[in-house]
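Taking it in order: structure first as C-alpha cells, then the write-up.
The values are calculated or read from the model by the stated rules, or taken from the named source; none is laboratory data. Note that the structure is predicted; figures quoted are calculated from it, not measured. Cβ: placed from backbone, ideal geometry, glycine included. Neighbour counts: every protein chain shown.
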Amino acid sequence: MNQNFDKQIFFHVGLGKTASTYLQERVFPLFKNIEYIHRVHRYNKAVEIIANGNAEKYLISREFDQQFEYEVKNFSAHYPNTTVIIVFRRQDSWIASQYRRFFKNGHIIPFSEFFDLKEDKGMFKKIDLNFYHYLELIEKYFTKKPLVLFYDDLRKEPMPFFDYIAKHIDVEYDKKSVNLDNKHSSYNEQQLKTLKRVSKVISLRKDNMKYPFFYPLKRFYTNMIRYSALYVGKYLPNSWYSKEPLINAEELKAVRDYYQNDWRKVIEYAKKNNP
C-alpha cells in the first residue's frame, strides 16, 4: 500500500481513563485544516481513509490499554512515520479509575482480583502499568518520538493543554467553543456499592453468552439494571452502606510505590523529548 509519506499523520492512542473521550468529543473536532478520524465508526477504516484521502494532515484518536501493542503494530505497518500522542496518568490513580470502570460495567470483584500486585493473576497485569514499556513500543514501531502528555496537567490547566497539542500539530481552533464541562460524570462509592448489592441477586455481566444472538437483549437488560441501580444508589441513606472502601488506601499506595521508578522515567522521557 502507498504509505503516503507526504501526509502528516498524528495518532492519539489514549491511554484509556485519561480524558480520551473528552478530547475526542470536545476538542479534536474543533481543530481546523486537519481531517479528524473519530474512534466511532471511522477508526477501523483509518488506513483506507488516509490512503484514499486528499487531506495533507490527519488526526486519529482511539484509546488503548491492554490491546496497545497489537493496535500500534498494525497501524505502523502502513504508516510508520506517524507521530503518536499519548497521555499518562499516575499508575495508582489510573488503575483505580480502570477498576471503577470495570466495576460499573458489571465486573463486581475485589480490587485484589482485578489487579494482583503479588502474584499477577488479575484482569490487568503488572506489565499493563509499566508505562515506560508503552514508550518503548512506540519507538519500536514508529520512526518518530511521541508527544507525551499528562492527565494531571489537563485537569489543572485544560486550555494550555489543548493549546500545546494544537501547536504540536500546527493547527488552530476556536478556544471559545471548547466546552469545559465533564464529558462523563463519575460514580461515587455509594453508587458502586449499590451495584455490588444488586449483583448478589442479579448477574450484571454481559459476556459469556451461550447464544450470541441474545447478546443485544442481555446488554439492554443489564444496562437497564445497572444504570437504575446507579441512579437509585445516589439517593439512598449513607447508613445503609459499609464504610469499607472499594479500594483500600494501602493497596493504592503499594501500586504507587511499586511503579515510582517507572513513573519517574516517563516524566524524564517527556522532559527530554517533548518539543
Practice task
Identify all residues within the stretch 126-146 that are assigned to a helix (DSSP H, G or I) and hydrophobic (A, V, I, L, M, F, W, C); write none if there are none.
Solution key: Ile127, Leu129, Phe131, Leu135, Leu137, Ile138
Exercise for the section: With the condition kept exactly as written, say whether any residue in the stretch 147-156 is among the basic types (Lys, Arg) and within 20 Å of Tyr36 (Cα to Cα). Expected result: no
Fill in the blank from the handout: Scanning the stretch 242-258 for residues that are surrounded by 12 or more Cβ atoms within 10 Å (Cβ to Cβ) and touching an Asp or Glu at 6+ places or on another chain (Cβ under 8 Å), the one farthest from Thr194 (Cα to Cα) turns out to be Arg256
Practice task
Scan (1) at pLDDT 95 or above; (2) surrounded by 13 or more Cβ atoms within 10 Å (Cβ to Cβ); (3) more than 26 Å from Ala96 (Cβ to Cβ) for the single condition Met209 breaks and write down its number.
Solution key: (1)
Exercise for the section: Can you tell me which residue among Ala270, Ala249 is at pLDDT 95 or above, in contact with a strand residue (DSSP E or B) (Cβ under 6 Å, 6 or more places away or on another chain) and not polar (S, T, N, Q)? Expected result: Ala270
Problem - Selection status of Glu172, part of a helix (DSSP H, G or I) and over 20 Å from the mean Cα position of the chain (by Cα) - result: no
Problem - Selected residue [among the charged types (D, E, K, R), modelled with pLDDT under 95 and in contact with a strand residue (DSSP E or B) (Cβ under 7 Å, 6 or more places away or on another chain)] from Lys7, Lys45 - result: Lys7
Completion exercise
Picked from the stretch 63-95 (must be at pLDDT 95 or above and of a type in the set (D, E, K, R)), the residue nearest to the chain's Cα centre (by Cα) is Arg89
Practice task
Examine the stretch 243-258 for a residue that is closer than 21 Å to Leu149 by Cβ and of a type outside the set (A, V, I, L, M), and state whether such a residue exists.
Solution key: yes
Handout entry: When residues of the stretch 111-125 are limited to those that are in contact (Cβ under 8 Å) with a residue 60 or more places away in the chain and not in a loop (DSSP other than H, G, I, E, B), the one surrounded by the fewest Cβ atoms within 10 Å (Cβ to Cβ)
Key = Ser112
Handout entry: Residue pairs meeting the criteria (Cβ under 6 Å; at least 6 apart or on separate chains; first under 17 Å from Ser97 (Cβ atoms), in the stretch 249-275; second modelled with pLDDT of 95 or more and of a type in the set (Asp, Glu))
Key = Leu252/Asp92; Val255/Asp92; Arg256/Asp92
Handout entry: Lys175 vs. criteria among the basic types (Lys, Arg), over 19 Å from Arg89 (Cβ atoms), touching a helix residue (DSSP H, G or I) at 6+ places or on another chain (Cβ under 8 Å) and at pLDDT 85 or above
Key = yes
